[in-house]
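The values are calculated or read from the model by the stated rules, or taken from the named source; none is laboratory data. Everything numeric here is computed off the predicted structure, so don't read it as measured data. Glycine also receives a Cβ, built like all others from the backbone with ideal geometry; neighbour counts cover every protein chain displayed. The accessibility values were calculated without ligands, DNA or RNA, using every heavy atom of the protein model including side chains. Shrake-Rupley method; radii C 1.70, N 1.55, O 1.52, S 1.80 Å.
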Amino acid sequence: MAARRSTSSISSAARASDNPTKTGFHDENLGSDAEKHAHGEILPGDQIEFQHDLHRGLKARHITMIAIGGAIGTGLIIGTGSALARAGPAPILISYTIVGFIVYLVMCALGEMAAWLPLGSGFTGYASRFCDPALGFSLGWTYWFKYIIVTPNQLTAASLVIQYWVPREKVNPGVFIAIFLVVIIFINYFGIRLFGEFEFWLSSIKVVTILGLILLSLVLACGGGPKGEATGFKYWKDPGAIKPYITTGATGNFLAIWSTFVTATFAYLGTELVGVTVGEAQNPRKTIPRAIKLTFYRILIFYVLSVFLLGMIIPYNSPALASALKASKKGASSNASPFVAAIQVSGIKYLPGILNACILLFVFSASNSDLYIASRTIYGLALEGRAPRLLAKTDKRGVPIYALAVSASFALLAFMNVSTSSVEVFGYFVNLTTIFGILTWISILVTHIYFVRARNAQGITDAQMPYVAPLGINGSYGALFMCILIAIFKNFDVFSPTFDVKKFVTGYLGIPLYLIMIAGYKLTHKNSGINAVDVDLFEGKDKIDREEEEFLRLKALKKEQRGNTKPTGVKWFYKTFVSWIF
C-alpha cells in the first residue's frame with residue numbers, strides 16, 4: 001500500500017507540473033486522502049479545501065476585466081435615473097463617492113486575505129477559517145440565495161430589452177429567456193477558460209460603452225451637441241443641486257442625500273465578484289491584488305465621473321427623465337436610461353437603438369457571471385461540508401457540474417415573469433435579496449478585522465504580506481460602520497407618509513434571516529468562534545507557494561523561448577489598447 005501511495009503521489013505531482021493551470025498539487029504527506037479525492041471521492045470540510053479540482057484558467061487579463069465588468073451594470077446605466085429625479089445632482093455625486101470609497105475599502109480587505117491564501121471557496125472560506133464557521137455558513141448561503149434570484153431576474157431583463165425590437169405580442173418573452181438560459185449554461189459548462197474569454201470581451205464592450213457615454217456627456221456639457229448649448233452647471237442652479245425629499249429645509253436636503261445611498265449601493269453590488277475567482281486565477285497573489293488596487297480608479301472614472309456629468313446634462317425635473325422612470329418600471333430598456341433621456345433632450349437621434357443593444361449585452365453578461373457566482377458559491381459550501389458533498393465534485397475540465405446544475409435549475413424562475421400575475425411576487429424576491437449584498441460586504445469586513453487580529457497575534461508583520469490594505473484594520477472598521485448604517489436605514493421611507501408593510505418586510509427580512517442562520521449554526525454545532533492565536537493561517541499555504549513558483553518558472557521559460565517575438569491577435573489587442581489603461 002505504501003508503494004502504491006508513493007507512486008500515486010509522484011504521478012500526481014508530475015501531472016500538476018505538466019498542467020500548471022490545475023489546482024491541487026498532491027503532496028506525499030496527503031496520503032490516501034489525496035488519492036481518494038483524485039478519484040472523485042468527497043472528503044469532509046478542511047480535508048478537501050486545498051485539494052479542490054477547479055482549474056486555474058483565468059489569466060491576469062481575464063481577472064482584470066472581470067473585476068471591471070462586475071463593477072459595471074444596469075444599476076449605473078438605468079438605476080441612477082431614479083436617484084437623480086428624486087434628489088437632484090449633488091446627492092448622487094455625494095452618495096456615489098462615499099459608497100465608492102466604502103467599496104474600495106471592502107475590496108482592499110478582500111485582497112489582503114486573497115493574496116495571503118487564495119482559497120477555492122472564496123470569501124465564505126475566509127469567514128469560516130479566520131473568523132467563525134457560523135459566519136461562513138450564513139454568508140455562503142445568503143450569497144447563494146442572492147444569485148439564484150438575481151440570475152433569473154437578469155434573464156427576464158434581457159427578454160424585456162429585446163421587446164424594443166420584437167413586441168411581446170409578436171414573440172413570447174419566454175422564448176428569449178430559454179435561448180439566453182441555454183447559452184449561459186453552455187458558457188459555464190465548457191470550462192473556466194471559455195467563461196473567462198467570453199467575460200473578457202463582454203467586459204471590454206462595457207468599458208467602451210461607459211467611456212463613450214462619459215465622453216459624450218462631457219461633449220454635451222461643453223456645448224458640442226446639436227443645439228450647441230453649453231449646459232455646464234446650469235441645472236445645478238435651476239432647478240437646483242438638491243431636491244428636498246419628504247420634507248423641506250435642511251432635513252429635506254439631508255433625506256434627499258441619504259435616499260440616494262440605496263441606489264448607489266445597488267449600483268456597486270457585484271464588485272466582490274473578483275473574490276469568487278481566486279480559486280481559478282493563475283498566479284492569484286499577483287493578479288487579484290492588481291485587480292483590486294485598480295478598483296479605486298475604476299470607481300473614480302466609471303461611477304463618480306459619469307454621475308457628475310449626468311447631473312450637468314439633464315435636470316432632475318426633466319419630462320424626458322420622468323418618462324425614463326416610467327419605462328424603467330415596465331422593464332429594462334434603453335428608454336429607461338437617464339443617459340438616453342439626456343441624449344434625447346440634447347437632440348441627438350438614432351442613439352437609443354445602439355445603446356439598447358449595449359444594455360442587452362450588459363444584462364446578458366450579468367446573467368452569465370451571476371450563474372458562475374452561484375455555482376462557485378454552492379461549490380465552496382460543499383467543499384467545507386456545509387452543503388451536499390455531491391456538489392463539490394468537478395469534471396475533467398474543472399467545472400463543478402452538479403453545483404452548476406442546481407444553480408441553473410433556479411434560473412427557471414425567470415419563466416414566472418412570462419405571466420403578468422406572478423411578476424409582482426417575483427419582484428418581492430428580488431427586493432429581498434438586495435440586502436444580502438450589503439451583508440456580504442459586512443461579512444468581508446468583519447472577516448478582515450479578525451484576520452488582521454490573528455496575524456498580529458501570531459507575529460505576521462505587514463512586510464511578510466504579499467498585499468496589505470492601505471488603511472488597514474481602521475479602514476475596515478470605518479467601512480463596517482457605514483455598511484451597518486446603510487443596512488439599517490436603507491428603507492427609511494417605508495415609514496413615510498404611510499407605513500408600507502410589503503416594502504418593509506422585503507427590505508429588511510434578509511437581516512434576521514442572516515442572523516438566524518448564524519445563531520442556528522452556533523446552537524447546532526456548539527460553536528463559540530476562533531481565538532486569534534488559534535486561527536489557522538498556514539495550512540495549504542505551502543501548496544500555493546509551490547504553485548506560484550511553478551507558474552513563474554514556466555512563465556519565465558515561455559518568455560525565454562519566445563525571445564523578441566511580438567504578441568499577435570487577442571494578446572496584441574489587449575496589450576496595445578487595454579492593458580495600459582487598466
Output for the stretch 398-409, where each listed residue is open to solvent by 40 Å² or more (accessible area, probe 1.4 Å) and touching a helix residue (DSSP H, G or I) at 6+ places or on another chain (Cβ under 8 Å): ILE401, TYR402, VAL406
Residue count, the stretch 136-170 (criterion: farther than 25 Å from ASN368 by Cβ, within 22 Å of the chain's Cα centre (by Cα) and open to solvent by 20 Å² or more (accessible area, probe 1.4 Å)): 1
Criterion violated by ALA264 - all others in (1) surrounded by 15 or more Cβ atoms within 10 Å (Cβ to Cβ); (2) small (Gly, Ala, Ser); (3) modelled with pLDDT under 85 satisfied: (3)
Among the residues listed as PHE137, PHE123, the single one being touching a residue at least 12 places away in the same chain (Cβ under 8 Å) and over 28 Å from THR263 (Cβ atoms): PHE137
Candidates LEU213, LEU194, LEU202 - the one that is under 30 Å from ARG298 (Cα atoms), part of a helix (DSSP H, G or I), modelled with pLDDT of 85 or more and out of contact with any strand residue (DSSP E or B) (no Cβ under 8 Å at 6 or more places or on another chain): LEU213
In the stretch 204-228, the residues that are free of Cβ contacts under 8 Å to residues at least 12 places away in the same chain and over 36 Å from the mean Cα position of the chain (by Cα): GLY223, GLY228
Residue among ILE149, ILE102 that alone is at pLDDT below 90, part of a helix (DSSP H, G or I) and in contact with a helix residue (DSSP H, G or I) (Cβ under 6 Å, 6 or more places away or on another chain): ILE149
ASN456, sole failed condition from (1) in a loop (DSSP other than H, G, I, E, B); (2) at pLDDT 85 or above; (3) surrounded by fewer than 19 Cβ atoms within 10 Å (Cβ to Cβ); (4) not aromatic (Phe, Trp, Tyr): (1)
Pairs where the first residue, in the stretch 479-498, is in contact (Cβ under 8 Å) with a residue 60 or more places away in the chain and the second is of a type in the set (Asp, Glu) and open to solvent by less than 70 Å² (accessible area, probe 1.4 Å), C-beta under 9 Å, 6+ apart: ASN491/ASP500; ASP493/ASP500
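Determine if the stretch 357-367 includes at least one residue that is open to solvent by less than 10 Å² (accessible area, probe 1.4 Å), more than 14 Å from the chain's Cα centre (by Cα) and closer than 28 Å to ALA83 by Cβ.
Scanning the stretch 357-367, I find at least one residue that is open to solvent by less than 10 Å² (accessible area, probe 1.4 Å), more than 14 Å from the chain's Cα centre (by Cα) and closer than 28 Å to ALA83 by Cβ, so the answer is yes.
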Residues (crowded, with 22+ Cβ neighbours inside 10 Å and over 15 Å from ASP395 (Cβ atoms)) located in the stretch 178-195: PHE180, ILE184
Single match in THR251, THR265, THR260 (criterion: among the polar types (S, T, N, Q) and without any contact (Cβ under 8 Å) to a residue 60 or more places away in the chain): THR251
Any hit, the stretch 550-570, residues being at pLDDT 70 or above, within 23 Å of ALA454 (Cβ to Cβ) and open to solvent by 100 Å² or more (accessible area, probe 1.4 Å): no
